[in-house]
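*Asks:* A single structure is presented below for examination.
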Amino acid sequence: MMDQHYNFAFLDERTKKRIRRALLKAVAVPGYQVPFGSREMPFAYGWGTGGVQITASIIGLSDVLKVIDQGADDTTNAVNIRRFFARTTGVATTGKTRDATLIQTRHRIPEVALTEAQILVYQVPMPEPMSRLEPSRRETIKMHALSEYGLMHVRLYEDIAQLGAISRAYDYPVMVNERYLMSPSPIPKFDNPKMHMNPALQLFGAGREKRLYAIPPYTAVRSLDFEDHPFEVQRWDHACALCGASESYLDEMIVDDAGSRLFVCSDSDYCEERRDAGHVGTQQAVTLHDALAVPADAITPAEQEAA
Amino acid sequence: MKPNVLLSARQAGKSFVHQGQPRWACRGVSFDLYPGEVLAVVGESGSGKSTLLRLLAARLACDEGSVHYDVRTESDSQPGGLMDLAELSEARLRWLARTDWGFVEQHARDGLRMNVSGGANVGERLMALGARHYGQLRSEAVSWMQRVELDTGRIDDLPATYSGGMQQRLQIARNLVTHPRLVFMDEPTTGLDVSVQARLLDLLRELVDELQLAAVVVTHDLAVARLLAQRMLVMKDGCVVEQGLTDRVLDDPQHPYTQLLVSSVLTP
Amino acid sequence: MYVAVKGGAAAIESSWRLLEAQRRGDTRLAALSVAQIREQLSLAVDRVMSEGSLYDPELAALAIKQASGDLMEAIFLLRAYRTTLPRLGYSEPLDTARIALVRRISAAFKEVPGGQLLGPTYDYTQRLLDFALLAEGDGAATSPLVPTEEAGAVPETPSATVPRINDLLAREGLLETPQPVDAAPPGDLTRDPLMFPADRALRLQALARGDEGWLLAMGYSTQRGYANSHPFAGEIRRGFVSVELVPDELGFAIDIGDLEVTECQMINQFGGSREVPPQFTQGYGLAFGGAERKTMAMALVDRALRADELGEPRVAPAQDEEFVLSHADNVEASGFVQHLKLPHYVDFQAELELVRKLRVAHAAAIKEAA
């Protein structure tokens, strides 16, 4: 039931209009950070105000909203945000990715492929992909305008020279439409490939930094790499203990004092759907070997599935 | 066939406001530079030579006159030719600075990225142009480091661990990877030990010869001018007091100030 | 066996109940009233209004009560509330020369027209804890530290004109009178994001709602030599001024109420050039209620941030507008610092995997070399 003390979705209509105008600009220039007059929301900056403002500006009565954090619907912040929208819009909410029209997310892209009928709204803490290399926004604005991304290039080269591999595991920088360098938000690099040519509209909101950006449907998104050091995603030696999935991103949980680990799908809806369909995992914790040991000893996901 | 002028200064001048009065840091400078030619700009501190260099490299805008450069274009349908730098967009100028020009700073730390390795410094311009093969970038870096006589074993070391002379060599390599036609040098050997200076000058002379570089070299040291440049300008208080072939100017100075400079050189 | 725990919602509700109990404290004691907070913690209320960017002492007091005295939390509450309020328009610039004075001092002059008025201030108290205040009821009347005299008269509505010292200096040509660069109306920080370079109007808006502690530290740094501007306190005045609005329908200004402000004018080292003879330069601070520390710090930082405008070299952090202003808003700062409490295990998992992979490669390389 919608709270009558506030406008639909909390923000006044004028503010929503201004945000939508900024979104249109963002969609017109994929990957470009559009400044917008971010409002103070009933959530702290850094806790999703950008994503909330975007969702609030585009949500309508016929939408079905899903909110996830770390891939799960029931993490406290996702619960808080979902309640906020339930209260200020009365719109239907769901935990099922397939049933949602609007998905707000922090740090993950759902495992289930999205469709043209869906919009994915990302919560972004630091929208500037080069912020760790150059904190001054004045400088980075110039770099984007002039396509001068040397600062990022040398950093990637340096990682390989010093560490043997690129040292970004999440918030891995991408080139959008072969023009703008973009931060995909702190999703693990595992999720980066999902952004490429996605049928859904992807919107990114940074409330505290007061910028938003977008990837229109079917846009080229390329993770930065070298030809001889190509981009690769994370892999596990174990499958999900609950549903046996070997292709999804897994959370690693320490379950006892001996350091036994349980690997479970990060995407709670995906895992539940698989379990409902009859898939079952090993249901067991794993004792991890010393991290220096060669992982050839571990069971491959294929062997595990067969077992 | 006579080659086209590469760089042309036409009454170029720059003024600053100092204590409410305009002061001309340099004024009325004119010359034409051809491909493969080296021009030395000589003067004492306060002569305006560094300001002139920045004007020529479009780091400052002219308040009087103009600077023109023979801009290459991507396609043949668009002829290049001498273009007024003031009419080029900032994007174009910065692209020029990364590709067809080099700028060797007096202090290497102003011209290098001190927080990434030698190899990264050399490879940066290539990556900006789209080079995406790490192995090839690395071998280019090795090859250039050899050319500037740097120990290639130091390729992964940070420039802060290099000596002053080595940092200058690294700076030179970083600028030359894109085969620029014109290199600006601001006191490239000043501040280095004398023996290091000598070796660096030899290197510069070889590179200029081998790569057919045109260069504008600012220096207060007449020996540098003698060694590197075919022609030179002598500046005093912002004006060019004498210009011509280096050998002629140094062996037969006409202007009293030039005569003073030449006679002031310490001889054993 | 591990079961995916879906307790998020229940945990949140539980935390609300615990929070309410914490806020209320010992139920044997009387609950604080919002009116008590407004009256007796007025300086806290003033700070919350300034940084919350909303002049409403009662709402500010409510926010302080709700936030259990955590002023930054209260400021956040007020800002969030502000978002929901309809905007009627922009007032006329406050005329702080027409003021019902509560306090007015100048360190630059011994005597000033209108006089120096000490007013209520902690400046000349001895900082000794007054244990008489521990007693319940009206302890103030019997406190040995306060000589018995009539209480300060409630200021009348502003009708008197007390000329600003700055205006007097400016009339003599001794003080610069910076003008906006163009005729366009000032930007609105609450509507558009702050971009750099920012003009002085936007910088002052950002400073006005900026965290007092941050500005205090930045201002202090200038005094200690990080871009010292040799400031003198030209004038600090505190009192009630009228707020006037020109409604479209009427076409003339109407008085919609009074608010209490503190204003500080710092007089700084003189600049000047050959065209313009030497003059003193300004730093300005303005805040709601009694907020001297804030306005003085604000004036020092305002002056430091004018470095480019006044042709001074930038040598210190307080002169870096991007650095000072990007970190001045404590609602933003608090949110982002505290957001680290949110789950980050997905990203941490990614880091774990990377570190493990690199360690394996490292070990393999060592083995190979051996």
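*Asks:* What order do you get for C:ASP26, A:ASP269 when you list them from fewest to most C-beta neighbours inside 10 Å?
*Replies:* C:ASP26, A:ASP269
*Asks:* Below 8 Å between Cα atoms, with a sequence gap of 6+, how large is the relative contact order for chain A in percent?
*Replies:* Over chain A, the number comes to 19 percent.
*Asks:* Is there a quick way to get the dipole size of region A:143-221? I mean about its Cα centre, with the Cβ of Lys and Arg at +1 and of Asp and Glu at -1; what is the value in debye to the nearest 20? Write out the running numbers ahead of the final one.
*Replies:* Working: 8 positive and 7 negative charges, 49 e Å.
Dipole magnitude for region A:143-221 comes out near 240 debye.
*Asks:* So what is the relative contact order for region B:113-179, in percent, with contacts set as C-alpha pairs under 8 Å and at least six apart?
*Replies:* Reported relative contact order: 49 percent.
*Asks:* Follow-up question, since we're still on this one. Using a 10 Å cut-off on Cβ atoms, rank the peptides A:114-121, C:66-73 from the highest mean neighbour count down. If you can, show how the numbers build up before the last one.
*Replies:* Details: A:114-121: 18.6, C:66-73: 16.2.
Sorting A:114-121, C:66-73 by mean packing, highest first, produces A:114-121, C:66-73.
*Asks:* Order the peptides B:124-130, C:216-222 from the highest to the lowest mean number of other Cβ atoms within 10 Å of their residues.
*Replies:* C:216-222, B:124-130
*Asks:* Whole Å is fine, so just give me how far the alpha carbon centre of region A:197-249 lies from that of region A:41-56.
*Replies:* Using only Cα atoms, the two centres lie 22 Å from each other.
*Asks:* Estimate the FRET efficiency between B:ARG248 and C:LEU310 by the formula 1/(1 + (r/R0)^6), using the beta-carbon distance for r and 60 Å for R0, to the nearest 0.05.
*Replies:* The formula returns an efficiency of 0.75 here.
*Asks:* Work out which helices of chain B, taken as complete DSSP H runs, extend at least 15 Å along their axis over the Cα atoms and score a mean Kyte-Doolittle of 0.5 or more, then list them.
*Replies:* What comes out of the filter, once short or polar helices are dropped, is B:194-211.
*Asks:* When you look at the Cβ of every residue in A:159-170, what mean number of other chain Cβ atoms sits within 10 Å?
*Replies:* Numbers: counts 2, 6, 12, 5, 4, 5, 4, 1, 4, 3, 10, 8.
For peptide A:159-170, the averaged partner shielding equals 5.
*Asks:* Here's another thing I want to ask about it. Give, rounded to the nearest 20 debye, the magnitude of the charge dipole that region A:13-223 has about its Cα centre when Lys and Arg contribute +1 at Cβ and Asp and Glu contribute -1 at Cβ.
*Replies:* 720 debye
*Asks:* Next up: For helix C:42-52, what angle does its Cα long axis make with the longest principal axis of chain C, in degrees from 0 to 90 and rounded to 10?
*Replies:* Taking the Cα atoms of chain C, the angle to C:42-52 is about 70 degrees.
*Asks:* Could you put A:ILE160, A:ILE81 in order, starting from the residue whose Cβ has the fewest other Cβ atoms within 10 Å? Can you show the working numbers first?
*Replies:* Values: A:ILE160 21, A:ILE81 24.
Least to most surrounded, the residues fall as A:ILE160, A:ILE81.
*Asks:* Could you state the number of Å between the C-alpha centres of region C:165-225 and region C:318-341?
*Replies:* Cα centroid to Cα centroid, the span is 18 Å.
*Asks:* In a GNM of chain C with a 10 Å cut-off on Cα contacts, which of C:PRO277, C:PRO186, C:PRO343 has the highest mean-square fluctuation?
*Replies:* Fluctuation is largest for C:PRO343.
*Asks:* Now for a separate question. Using the Cα gyration tensor of region C:197-312, with a ≥ b ≥ c the square roots of its eigenvalues, what is the shape: rounded (a/c below 1.5), prolate (a/b larger than b/c) or oblate (neither)?
*Replies:* Here region C:197-312 falls in the prolate category.
*Asks:* So, one more: How high is the relative contact order of chain B, in percent, counting Cα pairs under 8 Å that sit 6 or more residues apart?
*Replies:* Result for chain B is 25 percent.
*Asks:* Choose one of C:ILE165, C:LEU189, B:VAL38: the residue whose Cα lies farthest towards the positive end of the charge dipole of the protein assembly as shown (beta-carbon charges +1 Lys, Arg; -1 Asp, Glu; about the Cα centre).
*Replies:* The Cα lying farthest towards the positive end belongs to B:VAL38.
*Asks:* Going by a ≥ b ≥ c, the root eigenvalues of the Cα gyration tensor, does chain A fall in the rounded group (a/c under 1.5), the prolate group (a/b larger than b/c) or the oblate group?
*Replies:* Working: a/c = 2.05, a/b = 1.20, b/c = 1.72.
Taking the square roots of the gyration eigenvalues as a ≥ b ≥ c, chain A is oblate.
*Asks:* Distance between the C-alpha centers of region B:163-219 and region A:66-133? Whole Å please.
*Replies:* 56 Å
*Asks:* While we're on this one: When chain C is treated as a GNM, springs tying every alpha-carbon pair under 10 Å, which of C:ILE165, C:ILE254, C:ILE236 comes out with the largest mean-square fluctuation?
*Replies:* Highest fluctuation of the listed residues: C:ILE254.
*Asks:* Let me ask something else. For chain A, set up a Gaussian network in which alpha carbons nearer than 10 Å are linked by springs, and say which option among A:ARG235, A:ARG14, A:ARG106 fluctuates the most.
*Replies:* Ranking A:ARG235, A:ARG14, A:ARG106 by mean-square fluctuation puts A:ARG14 first.
*Asks:* Restricting to DSSP H runs of at least four residues, report the calculated mean residue ellipticity at 222 nm for the protein assembly as shown, -39500 (n - 2.57) per run over all residues, nearest 500 deg cm²/dmol.
*Replies:* After summing the helix terms and dividing by residue count, I get -10500 deg cm²/dmol.
*Asks:* Sticking with this structure for a sec: Roughly how tilted is helix C:71-84, in degrees to the nearest 10 and between 0 and 90, from the longest Cα axis of chain C?
*Replies:* It is inclined by approximately 80 degrees.
*Asks:* A further question follows. Using a 10 Å cut-off on Cβ to Cβ distances, tally the other chain neighbours for every residue of C:117-127 and report the average as a whole number.
*Replies:* That average works out to 0.
*Asks:* Within 10 Å of each Cβ of C:183-190, how many other protein chain Cβ atoms are there on average?
*Replies:* The per-residue average across the peptide is 1.
*Asks:* To continue, here is another question. Rg/Rh for the protein assembly as shown to two decimals, with Rh computed the Kirkwood way over all alpha-carbon pairs.
*Replies:* 1.02
*Asks:* If you don't mind, there's one more thing I want to ask. Can you tell me the dipole magnitude for chain C around its Cα centre, using point charges on the Cβ only (Lys, Arg +1; Asp, Glu -1), in Debye to the nearest 20?
*Replies:* 1320 debye
*Asks:* While we're looking at this one, here's another question. Say the dipole of region A:13-223 comes from +1 at the beta carbon of Lys and Arg and -1 at that of Asp and Glu; which of A:GLY71, A:ALA44, A:SER223 then lies farthest toward its positive end?
*Replies:* A:ALA44
*Asks:* Could you tell me how many degrees, from 0 to 90 and to the nearest 10, lie between the Cα long axis of helix C:212-223 and the main elongation axis, the longest principal axis, of the Cα atoms of chain C?
*Replies:* 70 degrees
*Asks:* A further question on this structure: Packing-wise, with mean Cβ within 10 Å as the measure, how do C:190-200, C:315-325, A:176-186 rank, highest first?
*Replies:* A:176-186, C:315-325, C:190-200
Each reported figure results from applying straightforward, stated rules to the coordinates on display, with no laboratory input. All values reported here derive from a predicted model rather than from experimental measurement. Heads up, the Cβs are rebuilt from the backbone with ideal geometry, glycines too, and the neighbour counts pull from every protein chain shown.
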